[in-house]
Amino acid sequence: MSYNPSYCWILALALGPFFTQRVRDPQRVPKTITQLYSYYIYNILKNHGREIERPRDVLLRVGQMAFRGVSGKKIVFTDGDLIKYNLQPSQFLSGFLMELLEREDSAQSVVYTFPHLTIQEFVAAVAQFLNPHPGDILKFLTEAHNTTDGRFEIFLRFVAGLSSPMTARGLVEFLGPFPHETTCRVIDWVKEEVKRQIGNTGITAGKRSLLNTLHYLFESQNRGLAQETLGSVETLSFSGMTLTPIDCAVLSHAIGLCDTIKHLDLGNCRIECEGIQRLGPGLHKCQELRLNNNKLGDSGVKLVSAALRNPECKIQRLGLWDVGLTDSGVEDLVSALSTNPSLTDLDLGSNSLTDRSVPALRRLILTLPSLKWIRLWWNRFSETGMKELRSLQEPRPGLMVDL
């Protein structure tokens, strides 16, 4: 984010007052994107709300215009759009919209745009949430979720996030209470969507839909809702999808609230060290963990090792095929694995291990009685190294060393 000027500006306006306080309340540090944008809008309302009568009404009209823009993939608005929604340029409105000069032939005109598309999406979400007709929210949610081009993806996350009383608390001061009926309808909708998507991960589109619903759960920060919807899930597979660090944080949140997940397949998800760092807190809860074909490197594998050292680690099958592991990282991995009496299957194939790793692997094989299978294909062992590794099967009749 720090390399994006728009995000820097949003962060500064949203969090600036918090960091200038002498006594900081840790409870006010935003945990979700919805909370961050709530602080952003709160600070605009607090600093400019007195400059206009009925700021709530003005914000709702801005939100309606923003929603129509999101629906129509429109990010530039004209004076005609402002007139349509009974809006007039003002210092208050400038907190939401930027004025730009647009040249057309020899004439110039002023157009308006939100500082960032996510601000437009958030204001649109607030307007729909505060709609005086609560029944309409299900219509908006269903239509938006069924749109396949992604235009409503962030908007829906914001709506789900606004169902959290903690997230909406600051805005209530200026916008009034958020309708209880709408909150209940949004929570019920999220619940049904998660349940519907859980078994729909056979194709990439299904995996993406499930991940989006997990984002809704994360933004809602509703622990009871997450446990109710994920309480019976045993398998999560996102193999073949690209997962961002934020996606990884959302997955970690889901895993942390669910005690039933046995199989987690994140193979070929382009996860790097930062993603594994976000996932770390929940990895130890899985029985089968597949991280194959990710660019973890030794530093990323070290983070996996931290999960293996957790006294409550349940990992039995660990897939680290083609993750960039080298001799330098093996020692720490073996040390962590040696503390895990539940491990039965280990895949270290297609890495960059040489004969230098043989002593550590020997120690692992001879001291971990639970280990039944270890794959070491397509590494860089010499014939001598492979012969020594194969010989380790002799004192362990039930062990398969796959070279």
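The values are calculated or read from the model by the stated rules, or taken from the named source; none is laboratory data. Treat the numbers as computed from the prediction; the structure is a model and nothing was measured. Quick reminder, even Gly has a Cβ in these numbers, built from the backbone with ideal geometry, and neighbours come from all protein chains shown. These area figures cover heavy atoms from the full protein model, side chains too; ligands, DNA and RNA do not enter into them. Shrake-Rupley method; radii C 1.70, N 1.55, O 1.52, S 1.80 Å.
Condition check ((1) at positive phi; (2) open to solvent by 40 Å² or more (accessible area, probe 1.4 Å)) across all residues:
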| residue | (1), (2) |
| --- | --- |
| GLY176 | yes, no |
| LYS207 | no, no |
| LEU217 | no, no |
| THR235 | no, yes |
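Going through (1) buried (at least 21 other Cβ atoms within 10 Å of the Cβ); (2) more than 29 Å from the chain's Cα centre (by Cα); (3) not β-branched (Val, Ile, Thr) one by one, SER90 falls short only on (1).
Filtering the range 154-166 to residues that are more than 13 Å from TYR37 (Cα to Cα) and either crowded, with 23+ Cβ neighbours inside 10 Å or of a type in the set (S, T, N, Q) (or both) leaves LEU156, ALA160, SER163, SER164. Residue-level analysis places ILE198 outside the set of residues that are modelled with pLDDT under 90, aliphatic (A, V, I, L, M) and loosely packed, with under 15 Cβ neighbours inside 10 Å. Confirm whether ASN131 is touching a residue at least 40 places away in the same chain (Cβ under 8 Å), more than 26 Å from the chain's Cα centre (by Cα) and either more than 17 Å from GLN64 (Cβ to Cβ) or part of a loop (DSSP other than H, G, I, E, B) (or both). When the stated conditions are applied, ASN131 passes them.
One line per residue, one yes/no per condition, for (1) in contact with a Leu (Cβ under 7 Å, 6 or more places away or on another chain); (2) surrounded by 21 or more Cβ atoms within 10 Å (Cβ to Cβ):
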position: THR142; (1), (2): no, no
position: THR148; (1), (2): no, no
position: PHE152; (1), (2): no, yes
position: ALA168; (1), (2): yes, yes
position: ILE187; (1), (2): yes, no
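The criterion of at least 3 residues that are touching a strand residue (DSSP E or B) at 6+ places or on another chain (Cβ under 6 Å) and surrounded by 17 or more Cβ atoms within 10 Å (Cβ to Cβ) is met, among strands (runs of 3 or more DSSP E) falling completely within the range 290-403, by 317-319, 345-347.
Return the residues of the range 56-83 that are open to solvent by less than 30 Å² (accessible area, probe 1.4 Å) and either in a helix (DSSP H, G or I) or in contact with a Cys (Cβ under 8 Å, 6 or more places away or on another chain) (or both); say none if nothing qualifies. Steps first, answer last, please.
From the range 56-83, those open to solvent by less than 30 Å² (accessible area, probe 1.4 Å) are 58-59, 62-63, 65-67, 69-70, 77, 81-82; that's our starting set.
Correct list: VAL58, LEU59, VAL62, GLY63, MET65, ALA66, PHE67, GLY69, VAL70, ASP81, LEU82.
All conditions in (1) buried (at least 18 other Cβ atoms within 10 Å of the Cβ); (2) part of a loop (DSSP other than H, G, I, E, B) hold for THR260, with the sole exception of (1). Residues in the range 228-243 that are among the β-branched types (Val, Ile, Thr) and more than 15 Å from ILE261 (Cβ to Cβ): THR242 alone.
Filtering the range 267-283 down to residues that are under 18 Å from TRP321 (Cβ atoms) and assigned to a helix (DSSP H, G or I), which residue is most open to solvent (accessible area, probe 1.4 Å)? Walk me through how you get there before you give the answer.
We begin by selecting, within the range 267-283, every residue under 18 Å from TRP321 (Cβ atoms); these are 267-273, 275-276, 279, 283.
Checking which are assigned to a helix (DSSP H, G or I) leaves us with 273, 275-276, 279, 283.
Numbers: CYS273: 46, GLY275: 5, ILE276: 1, LEU279: 0, LEU283: 0 Å².
So the residue we want is CYS273.
For a quick check of your reading: which helices (runs of 4 or more DSSP H) sit entirely within the range 169-242 and have at least 1 residues that are touching a Phe, Trp or Tyr at 6+ places or on another chain (Cβ under 7 Å) and touching a residue at least 12 places away in the same chain (Cβ under 8 Å)? Outline the logic, then answer.
On the way: elements: 180-198, 204-220, 223-230.
Here the list reads 180-198, 204-220.
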